[in-house]
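I have placed the structure first, in the form of structure tokens, so that the comments after it can refer back to it.
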Amino acid sequence: MRALIIGVGQCGTKIADLFSLVDFEALAINTSRGDLEYLKHIPAERRILIGESITGGKGVNANPLLGREAMKRDLQVVMRKIGSIIGYEDVDIFFLTFGFGGGTGAGGTPVLAEALKEEYPDSLVVAIGALPLREEGIRPTINAAITIDKLSKIADSIIAIDNNKLKEGNDDISHAYERINYTIVERIASLLALVDVPGEQTLDASDLKFVLKAFGSFATVGYAKADAGKVKSLSRLIIRSFESEGLYLDANIESALYGLVAVHGPPEVLKAGDIFEALDYLTNKIRGKQIFRGFYPDPREREVEVVTLLSGIYESRSIEEIIVTAKNYAKSFMKAKEEAETRKRELLSGLPDFDDIYPAENEAGEGGE
């Protein structure tokens, strides 16, 4: 299975850079030259500066209108680079990583997603976006809500990562963001590493593509890992991967249409009874009742790893809070704007023009003679 990671904007390129570290094909796109130069693992020839004619290479200051325009202006350059990377071998999935609340990512990602869907109709386009913190203010929230709306009409799935999880640990801010980014990469990379790998029951590329082709709805990747010697209940470990402690999105998993579970670890720990107990629980819990599964006994392993993908999710408190907040703000802002315009018209109505107050120039000249 082949996946291409494309990072857009500051947040997205940092995530793509970590994917490159673990040997995934990755491309970085940004309006900030400095942010592109900061990357450590994506080769220089796979870093694209867009919108230089309108930003001077200094970014868009969280303005998605500029981010969208930057992507549109240099879209042909971007698509040519993608074409040169792909060559004659098909790509199964394009993963677009970005931040929902920024400017380059929020504005440019929907433009790129639409172009990829048109150019590569047999490939999936999956957006992986970081939701803004509540404390970041209203502007990132509005950017996120509008971008969610746009991508839901284009992307096959939207994997949303809630940055409010940052506040659950005691890390400093740099390490907290880094932890979130590493978590995203670890989960997606672990999942992709098990696709098409021989096992007792194997997940193939078509299984993953089926689950992710979910009508522009939301998806979430759960994860759980433990030392094999400390696993008292494999069933409980599997269940933990798709409960709140294992997810990075506050979502109602009961609303999910599809699921995928991969279990990897020492053969003696992968007990059939425990595995099927957990899978029966998940199958009965989600609305769609469809669970794809892969079991990978590996005598070399000393840890048990569970990766869970749930898609077709239409109920998420994280998402709903952003949408409702943006709607309420937009409503109050438009009302305030209308009232201001009305007040201005009322205040200025009845004023004469200059022609009504001052004599015409020729009249002034005649009076001076």
One residue is enough: does segment 200-220 have a residue meeting the conditions of a type in the set (D, E, K, R), part of a strand (DSSP E or B), open to solvent by 10 Å² or more (accessible area, probe 1.4 Å) and touching a residue at least 12 places away in the same chain (Cβ under 8 Å)?
no
Taking the options 110, 140, 64, name whichever one is buried (at least 22 other Cβ atoms within 10 Å of the Cβ), touching a Lys or Arg at 6+ places or on another chain (Cβ under 6 Å) and not hydrophobic (A, V, I, L, M, F, W, C).
110
Restricting attention to segment 56-63, does a residue exist that is under 23 Å from residue 132 (Cα atoms) and part of a helix (DSSP H, G or I)?
no
List pairs: first residue in segment 305-331 and within 21 Å of residue 290 (Cα to Cα), second residue among the hydrophobic types (A, V, I, L, M, F, W, C) and exposed (fewer than 14 other Cβ atoms within 10 Å of the Cβ) anywhere in the structure, Cβ distance under 8 angstrom, at least six positions apart or on different chains.
312/215
With the condition kept exactly as written, say whether any residue in segment 208-224 is over 17 Å from residue 307 (Cβ atoms), out of contact with any helix residue (DSSP H, G or I) (no Cβ under 6 Å at 6 or more places or on another chain) and β-branched (Val, Ile, Thr).
no
Residues satisfying the stated conditions in segment 74-103, i.e. open to solvent by less than 10 Å² (accessible area, probe 1.4 Å), touching a strand residue (DSSP E or B) at 6+ places or on another chain (Cβ under 8 Å) and farther than 23 Å from residue 221 by Cα:
78, 82
Residues of segment 29-55 that turn out to be more than 11 Å from residue 105 (Cα to Cα) and not in a helix (DSSP H, G or I), as a count:
11
Among the residues of segment 143-154, is there at least one that is in a loop (DSSP other than H, G, I, E, B), under 22 Å from residue 67 (Cα atoms), under 17 Å from the mean Cα position of the chain (by Cα) and of a type outside the set (Phe, Trp, Tyr)?
yes
Under 18 Å from residue 294 (Cβ atoms), surrounded by 14 or more Cβ atoms within 10 Å (Cβ to Cβ) and at pLDDT below 90: is that true of residue 183 in this structure?
no
Conditions: (1) open to solvent by less than 70 Å² (accessible area, probe 1.4 Å); (2) farther than 15 Å from residue 212 by Cβ; (3) assigned to a helix (DSSP H, G or I). Residue 161 meets all but one. Number of the miss?
(3)
Considering only residues that are of a type outside the set (S, T, N, Q), open to solvent by 30 Å² or more (accessible area, probe 1.4 Å), part of a loop (DSSP other than H, G, I, E, B) and closer than 20 Å to residue 283 by Cα, which ones fall in segment 221-245?
243, 245
Just to verify a result, which residue in segment 304-329, among those that are in a helix (DSSP H, G or I) and open to solvent by less than 50 Å² (accessible area, probe 1.4 Å), is modelled with the lowest pLDDT?
318
When segment 246-303 is examined, which residues are found to be assigned to a strand (DSSP E or B), open to solvent by 10 Å² or more (accessible area, probe 1.4 Å) and in contact with a helix residue (DSSP H, G or I) (Cβ under 9 Å, 6 or more places away or on another chain)?
251, 258, 264, 290, 291, 292, 293, 295, 303
In segment 73-111, what residues are closer than 20 Å to residue 148 by Cβ, of a type outside the set (Phe, Trp, Tyr) and assigned to a loop (DSSP other than H, G, I, E, B)?
101, 102, 103
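The values are calculated or read from the model by the stated rules, or taken from the named source; none is laboratory data. Keep in mind it's a predicted model, so treat the numbers as computed, not measured. Backbone-built Cβ (ideal geometry, glycine too); neighbour counts: all protein chains shown. Accessible surface areas use protein heavy atoms only, side chains included; no ligands, DNA or RNA. Shrake-Rupley method; radii C 1.70, N 1.55, O 1.52, S 1.80 Å.
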